[in-house]
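Student: Here it is: the structure, laid out below.
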Amino acid sequence: MVKPLEFRSGEGLVPEGFDMCSRLMLPGERALVTCPSDYAYDKFPRPANVPLGANLQWEIELLDYEKQKVCKRKNRK
């Protein structure tokens with residue numbers, strides 16, 4: 001069994017293509033995602049066994065998500 005991956009969207013902890021696709025999904029949804037290398041290895045080193053310019057494919061299942069808490073400031077005059 002694969003251990004679930006927890007991350008915060010937009011913080012650069014996962015490849016950009018993975019992050020972008022997960023934001024479009026609903027809980028319980030599964031997707032087979034193919035990303036061009038620019039979105040797969042944007043900030044991460046490419047493994048030696050992956051050819052330069054290769055697309056990357058993920059099978060993603062979104063188990064759940066939490067909305068970010070937003071604090072509103074009152075205008076003080």
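The values are calculated or read from the model by the stated rules, or taken from the named source; none is laboratory data. Quantities reported herein were computed from a predicted structural model and do not represent experimental measurements. Backbone-built Cβ (ideal geometry, glycine too); neighbour counts: all protein chains shown.
Student: Kindly list the number of the only condition in (1) modelled with pLDDT of 85 or more; (2) on the phi < 0 side of the Ramachandran plot; (3) under 17 Å from the mean Cα position of the chain (by Cα); (4) surrounded by fewer than 12 Cβ atoms within 10 Å (Cβ to Cβ) that fails for GLY28.
Tutor: (2)
Student: In the list GLU16, GLU66, which residue meets the criterion of being out of contact with any Pro (no Cβ under 9 Å at 6 or more places or on another chain) and surrounded by fewer than 10 Cβ atoms within 10 Å (Cβ to Cβ)?
Tutor: Result of the check over GLU16, GLU66: GLU66.
Student: Would you pick out the residues in the range 31-55 that are surrounded by 14 or more Cβ atoms within 10 Å (Cβ to Cβ), of a type in the set (Ser, Thr, Tyr) and outside any loop (DSSP other than H, G, I, E, B)?
Tutor: Once the filter is applied, which keeps residues that are surrounded by 14 or more Cβ atoms within 10 Å (Cβ to Cβ), of a type in the set (Ser, Thr, Tyr) and outside any loop (DSSP other than H, G, I, E, B), the range 31-55 yields SER37, TYR39.
Student: List every residue pair whose Cβ atoms lie under 7 Å apart, where the two residues are 6 or more positions apart in sequence or sit on different chains, the first residue falls within the range 1-23 and is farther than 15 Å from TRP58 by Cα, and the second residue, located anywhere, is polar (S, T, N, Q).
Tutor: SER9/SER22
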